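Enquirer: For reference, the structure I am asking about is given below.
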Amino acid sequence: MAELSPQFVHNATECFNNLRSSDEWQINDHVHLPELENAAFIMLVKNSDDTIRLSLEHHYNLGFRHFFILDNNSTDKTAEQIFTFRTNFSAAKVCYITDYEPGYVQAVKMKAVMDFIRTYTTIQEHPIDWVFFLDADEFITCCVKHGEAAAASMGAMLRDPDVQILVFNWAQSALFDQQTQQITRFGEKLSTTTMAVSRAMQVHVTKVALRLSANFLPQVGNHYVEGEGPSEDHVRSMIAAGFVMLHFPMRTVEQLRQKLDDGVKALDAGRLDPALGAHWRHYHNLVEKHGPDILRQILVEHIQGSVG
């Protein structure tokens, strides 16, 4: 399994910490990249109706036009929100797939979608060559005031034939108002949402975008690539360009309870290594041991980590 070098990790961590503590930090969701119009947005969703609308609209405004969504048997209004997005944004090309397999076999599902994209989009005038992997609680976001420079930098990377992998860093985030000490909800946009974003990268977690023609496959979780990765001369850190991936894994007690139930069932159904998803199994075990009241404590700890 490929891994990023310690120097790459150090540089990305230092770059994030410096940006987050500077006056240049700003949630800038007005940035648009024309280069993303021929990239594919891939998402596997499950009961995400509190985030899916904002996620799709946010990434559409960023520049994406091709959306490939696997809906893993959602029982809430996730599908309805996706169909509404498709109706309201007529330029969006939305491929919606009902993912009937309950098991968490994400790597297999992502490979299947990549193969589908590689074949299906050959009928287009401009075939897809970049694929971006996201969850419904992850938002690729320009986080610098000077968005034009950031967009130009990312656009140049997408056009550069020598670049094969883009690496985005998680910025742990919480829907929380530090002044009122109250949990908040998403606004119409990220820039109108009251949130807390961690002031330091305590854990280095990445998500990737891959150039299809390079023939790499993502790891489980889409954190990097399987097998032997490329020379880091072909890899770019997006935090250096001013982009991070705002991550909102815990939002309300109700959402957290649903996520733990869905996640552990999917992990068990996938018959995978018990170490996979260990943190979610740990939280689920805490709930079984101490009862549902522990969920609020878990949520509070996440908020404290995002505020600090």
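Coordinate-derived values only; no laboratory data. All values reported here derive from a predicted model rather than from experimental measurement. For neighbour counting, all protein chains shown are included, and Cβ atoms are generated from backbone atoms with ideal geometry for every residue, glycine included.
Enquirer: Between Phe89 and Glu232, 0.36 nm times their residue separation minus their Cα-Cα distance comes to what?
Expert: 47.8 nm
Enquirer: Let me ask you something else. What residues have an amide H closer than 5 Å to that of Trp130, excluding those fewer than 5 places away on the same chain, when H is modeled at 1.01 Å from N in the peptide plane?
Expert: Under 5 Å from the amide H of Trp130 lie the amide H atoms of Ala40, Leu212, each far enough along the sequence or on another chain.
Enquirer: I've got another one for you. Rank by packing, highest mean first: peptides 240-252, 61-73, with packing defined as the count of other Cβ atoms within 10 Å averaged across residues.
Expert: In descending order of packing, they fall as 240-252, 61-73.
Enquirer: Is there a quick way to get the dipole size of segment 6-247? I mean about its Cα centre, with the Cβ of Lys and Arg at +1 and of Asp and Glu at -1; what is the value in debye to the nearest 20?
Expert: Dipole about the Cα centre, nearest 20: 200 debye.
Enquirer: Also, I was wondering about something else. Just how many pairs of Lys in segment 6-247 have C-alpha atoms closer than 30 Å, counting pairs that are eight or more places apart or on different chains?
Expert: Close lysine pairs found across segment 6-247: 21.
Enquirer: Which FRET efficiency value, to the nearest 0.05, is calculated for Ala269 and Glu80 with the Förster distance at 35 angstrom and r the Cβ-Cβ distance?
Expert: After rounding to 0.05, the efficiency reads 0.90.
Enquirer: Next up: Could you bin all the Cα-Cα distances of segment 6-247 into 10 Å bins starting at 0 and give me the percent of pairs in each, rounded to whole numbers?
Expert: 7, 32, 39, 19, 2, 0
Enquirer: Quick one: length gained pulling Tyr100 to Asp261 fully straight, 0.36 nm per residue minus the C-alpha distance?
Expert: Gain on stretching Tyr100 to Asp261: 56.2 nm.
Enquirer: With label points built 7 Å along Cα→Cβ from the Cα atoms of Asn61 and Thr180, find their separation and express it in nm.
Expert: Once both label points are built, they end up 2.1 nm from each other.
Enquirer: Sticking with this one: Per 5 Å bin from zero, what fraction in whole % of the C-alpha pairs of segment 253-307 is there, up to the bin with the longest pair?
Expert: 4, 19, 28, 24, 15, 8, 2, 0
Enquirer: Going by average Cβ neighbours within 10 Å, how do the peptides 13-23, 125-135 rank, with the highest at the top?
Expert: In decreasing order of mean packing, 13-23, 125-135 become 125-135, 13-23.
Enquirer: How many nm separate the modelled label positions at Leu217 and Asp115, each set 7 Å beyond the Cα in the direction of the Cβ?
Expert: Calculated label separation equals 0.9 nm.
Enquirer: Antiparallel as a % of all DSSP beta bridges within the chain, to the nearest 5?
Expert: 45
Enquirer: Considering only DSSP beta bridges with both partners in segment 1-159, what is the antiparallel share in %, to the nearest 5?
Expert: 10
Enquirer: Within a Cβ distance under 12 Å of Arg296, other residues only, what is the Lys/Arg minus Asp/Glu net charge?
Expert: Here the count lands on -2.
Enquirer: Using a simple charge model, +1 on the beta-carbon of Lys and Arg, -1 on the beta-carbon of Asp and Glu, nothing else, what dipole does segment 1-136 show about its Cα centre, in debye to the nearest 20?
Expert: 340
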